[in-house]
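Working notes, beginning with the structure itself.
The values are calculated or read from the model by the stated rules, or taken from the named source; none is laboratory data. Since the structure is predicted, the reported quantities are computational estimates derived from the model, not experimental observations. Cβ: placed from backbone, ideal geometry, glycine included. Neighbour counts: every protein chain shown.
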Amino acid sequence: MDYGMAIGIGGCVSDTSLLRLIPKVDVLLSSPALDDVCSRFPYEQVREYARDYLEVLRKNVLTGKMASVPSVDEIAADILDGLDLGENYSLRRVINATGIVLHTNLGRAPLGEEVSRHVAEVAAGYSNLEYDLADGNRGSRYSHVERLLCKLSGAESAMVVNNNASAVLLVLDTLCRNKKVAISRGELVEIGGSFRVPDIMERGGAELLEVGTTNKTHPYDYERALGQGAEALLKVHASNFVMKGFTESVSAGDLAKMAHQHGAIAIFDAGSATLFPSELLGIPEAVDVRAAIRDGVDLACFSGDKLLGSAQAGIILGRKGLVDRLKRNPLSRALRIDKLSLAALEGTLQLCLTPKEAISRVPTLRMLAMSREDCADRAKLLLDAISSEGQGVDARLQDVEDEAGGGSLPGVTLPGCAVSLGAGDLGARGLERRLRQSAVPIVSRVHDGRVLLSARTIAEDEISLIASAVILAMTESPGNGWQGGGGYVTSQRGHINSQQ
Ligand SMILES: *Cc1c(COP(=O)(O)O)cnc(C)c1O
């Protein structure tokens, strides 16, 4: 990089003599101060990280954000902190303070303790993924969850694939290729990204028969399609929007009855579903997929990492003959589920055998089930932690409306509670950015010029970490190149992000 040029272009006033105080990466790495770091982490990893670090340091000096250069010892400490915190990784843990439980951009469902432990164990060693320990022969990866899924849902058979989009594709490709499939015009939806139901039906080779209208679809609309030779009726749950007013749709159960009268099958993409009565969660709007199976739907599929609260997976339940055909489709090999997701799924499903246990141990369910009072209690703990660490900080409790998110319960708001922070000169956007650049990044919301930290999605053991990060972010002066987080590596790297 040509610093002279950079200064010229940027037009920033900076002290170029400071630049000379920044060590070269090889000089830094050969300094005894880094012996400790180099003995703990692979050399190339330290080198890459140190190079990034020095690069940001240079940028900050050039843009006048930094008035002095840290000593080699300080740099060594920062690098050690940074590597300890996993800052060398691109994919990292963050704290979700948005109050959106299944945040699609933040990895949807977090796993609970016992499930994470099971995943770690399977990950770290060999496993009987496709090995039958009883007879010493090849086994099936589906066997680890199939029995559990059948028991929990009442379905005859089950299989799992990579995600629910894969599940829908596999079902259509196997059962609907070159066949007429009827779907309500109100359900030709886009789920997110580029997953659009009509497109995926085309990919699956199905001939689309649109029935009904956007707002109303009646049983006779499907009857007509069946009369025109539809061999499957597809129902897609409206996961990410609500229709209000003059609307009508046909239930999965009624769809199944009509289909069966004409020798057709009924398929239900439930999107996000639970495997126990949704009232237990306090959210009656949630789809209880058991009901669809009980009412005769031939195949139902849903995501593993939405309301089920497990890993990314597509769960398919239904009649044995149909599921067997899915398993035989060569496409299933391309869409197959990974062993780590399978371990997470088995762990979560075992908890679901006792719904009460599931609600207390599956983080997604626990957070969804939190009452406003539970949220207020947690927010109060955070407020107290912040107030005790920093005097005179502008922080108070505020009622908020949280969401399930992740295309799960559109239109359902969950009354919650947040710690609301006034950011002063820094501005709410500035504070929000600094929190995002903390040692463990905190993702928050800005509302009415204040930063909101919603208690629902914050774990109790994250409270003191958040309090320290908040104090650090609020008390450093705004003009100064911000030195926050566990050291200042974090904020340095944050500056890279915010500049690019
Ligand atoms: C979320 C969703 C999908 C996609 O599921 P993924 O597990 O994200 O692949 C498909 N259909 C519906 C109705 C959904 O809500």
Query raised in the report: Given the conditions (1) in contact with a Leu (Cβ under 6 Å, 6 or more places away or on another chain); (2) under 30 Å from Phe241 (Cβ atoms), and given that Arg177 satisfies all but one, which numbered condition is not satisfied?
Result: (1)
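Being within 26 Å of Gly107 (Cβ to Cβ), buried (at least 17 other Cβ atoms within 10 Å of the Cβ) and under 23 Å from the mean Cα position of the chain (by Cα) is true for just one of Ser438, Ser420, Ser371. Which residue is that?
Criteria check complete, one pass: Ser438.
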Query raised in the report: Inside the range 375-417, can you point out the residues that are surrounded by fewer than 14 Cβ atoms within 10 Å (Cβ to Cβ), at pLDDT below 90 and away from the ligand (no atom under 16 Å from the Cβ)?
Result: Gln391, Gly392
**Report entry** Breaking point among (1) over 24 Å from Leu149 (Cα atoms); (2) of a type in the set (D, E, K, R); (3) at pLDDT 95 or above, for Glu248
**Finding:** (3)
Requested in this report: Looking for whichever is in contact with a strand residue (DSSP E or B) (Cβ under 9 Å, 6 or more places away or on another chain) and of a type in the set (A, V, I, L, M) here; the options are Leu351, Leu340, Leu281, Leu331. Which one fits?
Outcome: Leu281
Report task. Please report, ordered by residue number, the helices (runs of 4 or more DSSP H) entirely within the range 49-157 with at least 2 residues that are aromatic (Phe, Trp, Tyr) and free of Cβ contacts under 8 Å to residues at least 40 places away in the same chain. Result -> none
Report summary line: Picked from the range 191-219 (must be in contact with a helix residue (DSSP H, G or I) (Cβ under 7 Å, 6 or more places away or on another chain), assigned to a strand (DSSP E or B) and of a type in the set (A, V, I, L, M)), the residue nearest to the ligand (Cβ to nearest atom) is Leu208
Query raised in the report: Where residues in the range 36-48 are free of Cβ contacts under 8 Å to residues at least 24 places away in the same chain and in a helix (DSSP H, G or I), which of them is nearest to Leu80 (Cα to Cα)?
Result: Cys38
Requested in this report: For the range 315-327, indicate whether the set of residues that are out of contact with any Gly (no Cβ under 7 Å at 6 or more places or on another chain), in contact (Cβ under 8 Å) with a residue 24 or more places away in the chain and within 13 Å of the ligand (Cβ to nearest atom) is non-empty.
Outcome: yes
Requested in this report: Go through the range 278-292 residue by residue and tally those that are modelled with pLDDT of 95 or more and either within 16 Å of Ile191 (Cβ to Cβ) or crowded, with 24+ Cβ neighbours inside 10 Å (or both).
Outcome: 2
Query raised in the report: If you take the residues of the range 441-456 that are surrounded by 20 or more Cβ atoms within 10 Å (Cβ to Cβ), within 26 Å of Ser90 (Cβ to Cβ) and of a type in the set (A, V, I, L, M, F, W, C), which of them is nearest to the chain's Cα centre (by Cα)?
Result: Ile442
